[in-house]
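Visitor: Submitted below is the structure of interest, expressed as structure tokens.
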């Protein structure tokens, strides 16, 4: 069996909190692996998990939180239940593109605009008609390109929406960035990134306006209809047999974690130190993937270099330092590295990472 790396910077599935090992044992001992999902015990667990999510992530009390299998499932849910006509998609990377492609496969009238990874678009110039668009869809943190759309952009876009709803993919930032939930109608993400858990559980967060819109549209036919999901969650239940273990683990992790107001500044500081290091030192010719500081992600740090160098750095990091560095994705697969700056990755890992680059740069 191959030796596991001491630290992993893979941007997803990424490092899990070390406490998860004990939580898994607790779940087995406490009987959660075979707990009935219609029981009072399960609904109490769901209530506790949602309370912790609101407390630790600053989710408003009047926003509805739903469980899904993944962030990807949310593409289908939002298209079926909230997009009777069309959605507009703004994207600069593979995951935003996939969301657009999937929505367009179900609703051919959907439109999109791709922007450069070093740009921050002007919401006033985006080519969509709020009166004829059901959803405006953005990726707050694009994992594939290591970019981020920050609060000023989201706030400006939200103010331009009119009757359209704003849907935000926050997969690589939920739990690591203090999101302003009241400035969008839909937020979604998965637990295997900034929430430090194994893959297999997603969160879908809806504003009261989004819930009301789903009722107006009236989709009740689909397996994962929003109306059915919201109705069941009123009783702290799900429409399907849920990932009980994942919900249990999430409740434990959220309860043990500090609040997002503490976590975000720490991640910002780590990100800035890494960006400063790679701008100033550029070990072996590596440099930040994103030149524009206003477009850089704080939770996924991107580096670029020649393809041969990228492969060599990944191999040496693994073999010489026990570090798993994430590779590129999509069009940037061969010429970029991605470093997860997620809460479950300890400070010691980043110290080891810089030491590694220091050891190979001469």
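Visitor: Looking at segment 273-286 only, could you name the residues that are in contact with a helix residue (DSSP H, G or I) (Cβ under 9 Å, 6 or more places away or on another chain) and in a helix (DSSP H, G or I)?
Guide: Correct list: 273, 274, 275, 277, 278, 283, 284, 285.
Visitor: Residue 258 - would you say it is surrounded by fewer than 20 Cβ atoms within 10 Å (Cβ to Cβ) and in a helix (DSSP H, G or I)?
Guide: Considered against the rule, which asks whether it is surrounded by fewer than 20 Cβ atoms within 10 Å (Cβ to Cβ) and in a helix (DSSP H, G or I), residue 258 comes out as no.
Visitor: Please tell me if residue 137 is buried (at least 23 other Cβ atoms within 10 Å of the Cβ), within 30 Å of residue 240 (Cβ to Cβ), free of Cβ contacts under 8 Å to residues at least 60 places away in the same chain and in the same structural domain as residue 195 (by TED's automatic domain parsing).
Guide: Yes.
Visitor: Mind telling me which of the residues 128, 100 ends up being more than 18 Å from the chain's Cα centre (by Cα), modelled with pLDDT of 95 or more and assigned by TED's automatic domain parsing to the domain that holds residue 186?
Guide: Selected residue: 128, the only one of 128, 100 that is more than 18 Å from the chain's Cα centre (by Cα), modelled with pLDDT of 95 or more and assigned by TED's automatic domain parsing to the domain that holds residue 186.
Visitor: Follow-up question, since we're still on this one. For segment 270-282, name all the residues that are under 9 Å from residue 298 (Cα atoms) and surrounded by fewer than 16 Cβ atoms within 10 Å (Cβ to Cβ).
Guide: Matches in segment 270-282: 272 only.
Visitor: Hey, can you tell me all the residues within segment 200-228 that are touching a residue at least 60 places away in the same chain (Cβ under 8 Å), assigned to a loop (DSSP other than H, G, I, E, B) and over 12 Å from the mean Cα position of the chain (by Cα)?
Guide: Selection gives 200, 207, 219, 222, 224, 225.
Visitor: Looking at (1) more than 17 Å from residue 200 (Cβ to Cβ); (2) touching a residue at least 24 places away in the same chain (Cβ under 8 Å); (3) part of a helix (DSSP H, G or I), can you tell me which one residue 62 breaks?
Guide: The failed condition is (3).
Visitor: Could I ask something else about it? Do we find a residue being part of a helix (DSSP H, G or I) and in contact with a strand residue (DSSP E or B) (Cβ under 7 Å, 6 or more places away or on another chain) anywhere in segment 235-249?
Guide: Yes; the residues of segment 235-249 include at least one that is part of a helix (DSSP H, G or I) and in contact with a strand residue (DSSP E or B) (Cβ under 7 Å, 6 or more places away or on another chain).
Visitor: Out of (1) assigned to a helix (DSSP H, G or I); (2) modelled with pLDDT of 95 or more, what's the single condition that is false for residue 301?
Guide: In the conditions (1) assigned to a helix (DSSP H, G or I); (2) modelled with pLDDT of 95 or more, residue 301 misses (1) alone.
Visitor: Does at least one position in segment 304-319 carry a residue that is within 20 Å of the chain's Cα centre (by Cα), closer than 16 Å to residue 11 by Cα and outside any helix (DSSP H, G or I)?
Guide: Within segment 304-319 (the criterion being within 20 Å of the chain's Cα centre (by Cα), closer than 16 Å to residue 11 by Cα and outside any helix (DSSP H, G or I)), the answer is no, since none of the residues qualifies.
Visitor: Suppose we filter 301, 360 for residues that are more than 27 Å from residue 52 (Cβ to Cβ), surrounded by fewer than 21 Cβ atoms within 10 Å (Cβ to Cβ) and either in contact (Cβ under 8 Å) with a residue 40 or more places away in the chain or not assigned by TED's automatic domain parsing to the domain that holds residue 96 (or both); which single one remains?
Guide: 360
Visitor: Read through the list (1) in contact with a helix residue (DSSP H, G or I) (Cβ under 6 Å, 6 or more places away or on another chain); (2) surrounded by fewer than 22 Cβ atoms within 10 Å (Cβ to Cβ); (3) more than 25 Å from residue 331 (Cβ to Cβ), then give the number of the only condition that residue 124 fails.
Guide: (1)
Visitor: Can you tell me which of (1) outside any strand (DSSP E or B); (2) in contact (Cβ under 8 Å) with a residue 40 or more places away in the chain; (3) under 27 Å from residue 344 (Cα atoms) is the one residue 37 doesn't meet?
Guide: (3)
The values are calculated or read from the model by the stated rules, or taken from the named source; none is laboratory data. None of the values given here were measured: they were computed from a predicted structure. All Cβ positions, glycine included, derive from the backbone under ideal geometry; neighbour counts span all protein chains shown.
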